[in-house]
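Since every read-out is calculated from the coordinates, none of them should be taken as a lab result. The shown structure was predicted, so the numbers you read here are calculated from the model rather than taken from an experiment. Cβ placement follows ideal geometry from the backbone for every residue including glycine, while neighbour counts extend to all protein chains displayed.
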Amino acid sequence: MIRKVTAGKERCPDRRWALVGVRIGAAAASVAATTLDTPYLMLVQPELDPAAYFDEVERDGHRAHLDGELPPNWAFGHALPPAMRGVGTGDQVQAALAAFRGKGTVVRYKTPRATPPPDGMETVVVPGDWDRPPLADHRPLRLTALRRLRRASRRGFD
């Protein structure tokens, strides 16, 4: 992610860049935002503790695969990223969010209850629940996030 934004900044140095992260991507966007000094960060239904998130994914994968053994660090036919499962990854994300000096917005569903957003970040709660059937399009979450991002980009992220 950082390489792509850096390349974009080199090609368009007069543009300001914003980062958006959805679920576990919010953790990556949070760390990248401080590295890239972006003025705006949006976290959509964020999961800000990568190790806890991937532990849960692995548990869910093993429960869904009751007919046989799965190797460790695998779920739903995919290897889980070891670098994001290390001790302290959640602390790294929290430190990055504490260092972020731009404007930030968290867009999330009313349920399940989330950890409080980082200090200084606006929170927009939309009706609904993340735990929907598979392939749900999460329209309220998606449209609210897009509207907020459009509004922020028109203002120049100031």
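Numbers below:
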| quantity | calculated |
| --- | --- |
| Rounded to 5, percent antiparallel among DSSP beta bridges of the chain | 10 percent |
| Fully extended contour minus Cα-Cα distance, from Thr35 to Leu146, at 0.36 nm per residue | 37.6 nm |
| Distance in nm between pseudo-label sites at Asp129 and Arg63 (7 Å out along the Cβ direction from Cα) | 1.4 nm |
| Segment 8-72 versus segment 92-158: alpha-carbon centroid distance in Å | 13 Å |
| Per-selection metrics, segment 17-83 (Cα): Rg and Dmax in Å | 14.8, 49 |
| Mean shadow area of the chain over all directions, Cα convex hull, nm² | 10.4 nm² |
| FRET efficiency for Ala83 and Arg154, using Cβ-Cβ distance with R0 set to 41 Å, rounded to 0.05 | 0.65 |
| Relative contact order, percent, segment 1-101 [alpha-carbon distance under 8 Å, six or more residues apart] | 28 percent |
| Sites Asp137 and Thr115, calculated FRET efficiency, Cβ-Cβ separation with R0 30 Å, nearest 0.05 | 0.75 |
